[in-house]
Amino acid sequence: MLIRSGIVGALLGVAAQAATNQAIVVSAPRLDDLDLMAVDTAADVTVIDRQTIEQSGAKSVPDLLQHEANVLIRSTTGNGFDGQISMRGYGENSHLRTLVTLDGHTMNRPDMGGVGWMEIPVDNIERIEVIRGGQNVLYGNHALGGVVKITSKRGADAGLKAGVTLGSFGYQMGSAGSGAAVGNVDLYAGVQGFSSDGYRTNSAARAVSAFGSVAWYINNLDTLTFRVSFTDSESEFPGPLGYEEMQQDPTQSSSDDLAEAASGHVSAIWEAEREWGGMRLTGGAKFQDRNWVTGGTYGDNQLAGYSLGPRIRWGDSDVFIMSGIDIRYDQVKHANLHPDNTDYALSDAELSRLTLAPYLFGQRELSRRFSVNGGLRYEHAQTDNDYDDYVDEQILPFRNTNRGPVSNPNYKNPPDIDPLLSYDGVIKKQGWAAETSLMYEPNKLWSAWLSYDHGYHYPSLDESASYQGYPLTDPLNEALEPEISDTVELGGRFQNRNWLCSLNTFIRFMEDEIVFVSETVGGITMQSNENIGSTRRVGAEVEVAYTERWYGASTRWSVVDARMNGGEYDGNSVPLVPWANGTVSGWLKPAEFLRLAAVWSFVAQQYQGGDQENGERKMDAYGLLGFRVYVDLTDHAGLHILMDNVLDETYASSAYYGGFYPGAGRSFRVGMNWEF
């Protein structure tokens, strides 16, 4: 499945041709983003289906992505329930450049916070599609490195399922779900909960989720689906260690930070097929209320996001022209709370962003073996920034002294606003994307493609504005520009009954890439997020797999050279980008009821985050070995045994400015699943 778009000239004549031409061999993006895209044509797409998910025994989405799709995950807790996605050679804040959707609704936060993986219980996932490379035309902001599309379950064939898993570090998980069809309505509901003490001190996590869906098949052409989920979670953050500290005892902690959150998601999609094409309307809402303590500061953060996406297509699934508009509104309300009394705020912030993005996409055949597709997108973003920093001595009505609390003579309600640190301003930015691809398919086994894309990524709210207790030299940086990328890809794919071989190469040039810069000048520390200029990434992704009925093996590797291209650090490597990462796996079924599997994952050396000068100690390369055993005990019950990091290797999953975040040591999990 090739997810590339093309220049508008390729769209001319598509509508007239669509009604008669049925010979196109390239599968285009389906009208419904929730539908499984075909992957038997050339593209760098990995699909993790329900069977793979259930057999994996994975405890989280990052766990799934790392082992089943060779997606690099950087964690700061080592508990497996958090992590930044890194695709296509992005380092610091790489998660901001990979879009994650759940049932068509964006899961990326408007600030620099990571995706809330605990809000996406594995037991509620029908499938995951990992689409590598720039996808801005169809998906907009965040989709520079790729897209991770998660589709939750939808009734009917789900039956009644339950599972229990116990493991190392106090890990406990339980889940139950049931689906049924009532007339022309599918119903599904489930719950999942887990708790873990964590590998490191102060790295515990727990979450309880409830979820459900209702799908109404109105007729043979129209379907209306509603999905809802709610999660209550807590997590601790152990903090970084020095390199020698990590080598001596990677389980120790340097902080007692923690956070608790309540979050929910609601989505709806109407799908309609007609003789002339089809229509789709998606809508969604997300909320999160999160309280945290970090570095002695207290915060209350409330997020809300709303999306609406109408789309219409003229033509069939092969030759068509499609247009739509994505509308999104995000809001953040944040309070920095007083450490002596959290009933009072040191500051209050309210930020919101409205984005409007129309797009056009189409595909047509050039000849029997060649086809072209392409599209354009324009996106306008308006961000309202309002931050009030209060005069400190006026906030509390009482002061704590060695004689007890006494009245504060400077107390004011409300307190005065510090004009030097406060701001109220509107920032308007715009971005545009264009993609084009040429596809060659001589037969059903071989395919090759050449593509180009131009993309963009907006600064996050707290990259431009300081409001979470981390001061920037310019509290509201209106000059921070969107990142811009230009990429050329060349790839090919062979697939028959047993073999799958795929090679994709790319070169990407970035302008105005955003990094955090901290400098001390004359004893004064200057901190800011800045556009550093140009960077260049050259890379390749290769996959080879062989499958028989009783055994199989596969390997997938990503290789990338990411460097600064001009400026002060010209020629230096981009921090937090390993030159290679890969997985090698194999499985064997010695009996119909037994499946044995092994997986080895490798991550090469990389520079620490913040080390643009490439002068600090590199993060060590590491390889992790894991084993899996799956036993079908009866037609309705199964057993799985999992061992990770079998050799108990000490390694850093991430590192910034001399602080190393150890990954988890050797661990075991044993679980049972029942299905009726």
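Charges only on Cβ, +1 for Lys and Arg, -1 for Asp and Glu: so what's the dipole of segment 69-118 about the Cα centre, in debye to the nearest 20?
With only Lys, Arg, Asp and Glu charged at Cβ, the dipole is about 140 debye.
Determine the distance separating the Cα centre of segment 395-459 from the Cα centre of segment 216-258; give it in Å without decimals.
Cα centres, segment 395-459 to segment 216-258: 20 Å.
Within segment 252-314, list the trypsin sites (Lys or Arg not before Pro) lying in a DSSP loop whose Cβ has at most 13 other Cβ atoms in a 10 Å radius.
Working: sites: Arg274, Arg280, Lys286, Arg290, Arg311, Arg313; in loops: none.
Here no loop site has a sparse enough neighbourhood.
Tell me which trypsin sites (Lys or Arg not before Pro) from segment 440-513 have a DSSP coil assignment and no more than 12 other beta carbons within 10 Å of their own. Numbers along the way, then the final one.
Numbers: sites: Lys444, Arg493, Arg497, Arg508; in loops: Lys444, Arg497.
Those that pass, being in a loop and sparsely packed, are Lys444, Arg497.
Rank Ala210, Leu258, Ser233 by how far each Cα sits towards the positive end of the charge dipole of the chain (+1 on Lys, Arg Cβ; -1 on Asp, Glu Cβ) and give me just the farthest.
Ala210
About its Cα centre, what dipole magnitude does the chain give when the only charges are +1 on Lys and Arg Cβ and -1 on Asp and Glu Cβ, stated in debye to the nearest 20?
Values: 51 positive and 87 negative charges, 488 e Å.
Value, rounded to 20: 2340 debye.
Of the options Val574, Phe516, Pro590, report the single residue whose Cα projects farthest towards the positive end of the charge dipole of segment 490-620 (beta-carbon charges: Lys, Arg +1; Asp, Glu -1).
Of the listed residues, the answer is Pro590.
Within 10 Å, count the other beta carbons around each residue, average over each peptide in 130-138, 590-598, 55-63, and list them highest first.
Numbers: 130-138: 26.3, 590-598: 13.8, 55-63: 22.2.
Result, highest mean Cβ count within 10 Å first: 130-138, 55-63, 590-598.
Rounded to the nearest 20 debye, what is the charge dipole size of segment 528-600 about its Cα centre when +1 sits on each Lys and Arg Cβ and -1 on each Asp and Glu Cβ? Intermediate results must be reported in sequence, preceding the final value.
Working: 7 positive and 8 negative charges, 67 e Å.
For this selection, approximately 320 debye.
Give the distance, in whole Å, between the Cα centre of segment 471-485 and the Cα centre of segment 583-661.
Segment 471-485 and segment 583-661 have Cα centres separated by 37 Å.
Ranked from highest to lowest mean number of other Cβ atoms within 10 Å per residue, what is the order of the peptides 242-250, 426-434? The partial results should precede the final answer.
Values: 242-250: 14.6, 426-434: 18.1.
Highest-to-lowest ranking by the protection proxy: 426-434, 242-250.
Cβ neighbours within 10 Å, averaged per peptide: list 567-576, 217-226 in order, most packed at the top.
On the way: 567-576: 18.0, 217-226: 14.3.
The most tightly packed comes first, giving 567-576, 217-226.
Considering only protein heavy atoms and a 1.4 Å probe, what is the carbon-and-sulfur percentage of the accessible area of the chain?
Values: 15770 of 27860 Å².
Looking at the chain in its full context, I get 57 percent from C and S.
Please work out the average accessible area per residue across the chain, using the 1.4 Å probe convention, and give it in Å². List each step's numbers first, then the result.
Numbers: 27860 Å² over 676 residues.
Per-residue accessible area for the chain comes out at 41 Å².
Here are a few candidate values for Cα extents along the principal axes in Å: (1) 84, 57, 56; (2) 139, 72, 44; (3) 85, 72, 55. Which one was actually calculated from the structure I just gave you?
Computed from the coordinates, Cα extents along the principal axes in Å corresponds to (1).
Within segment 318-391, which trypsin sites (Lys or Arg not before Pro) sit in a loop by DSSP and count at most 12 neighbouring Cβ atoms inside 10 Å? List each step's numbers first, then the result.
On the way: sites: Arg328, Lys333, Arg353, Arg364, Arg368, Arg369, Arg377; in loops: Arg368, Arg369.
Here the trypsin sites (Lys or Arg not before Pro) that fit, given the DSSP loop and packing criteria, are Arg368.
Between segment 551-575 and segment 108-155, what is the C-alpha centre distance in whole Å?
Result: 23 Å between the Cα centres.
Of Thr106, Ala652, Trp550, which is farthest on the positive side of the dipole of the chain, counting Cα position, with +1 on Lys and Arg Cβ, -1 on Asp and Glu Cβ, and the Cα centre as origin?
Final value for the positive-end residue is Trp550.
The values are calculated or read from the model by the stated rules, or taken from the named source; none is laboratory data. In this text the structure is predicted, and so the values were computed from the model without any measurement. When we count neighbours, we look across all protein chains shown, and the Cβ atoms used for this are built from the backbone with ideal geometry, even at glycine. With ligands, DNA and RNA removed, areas are computed over all heavy atoms of the protein, side chains included. Shrake-Rupley method; radii C 1.70, N 1.55, O 1.52, S 1.80 Å.
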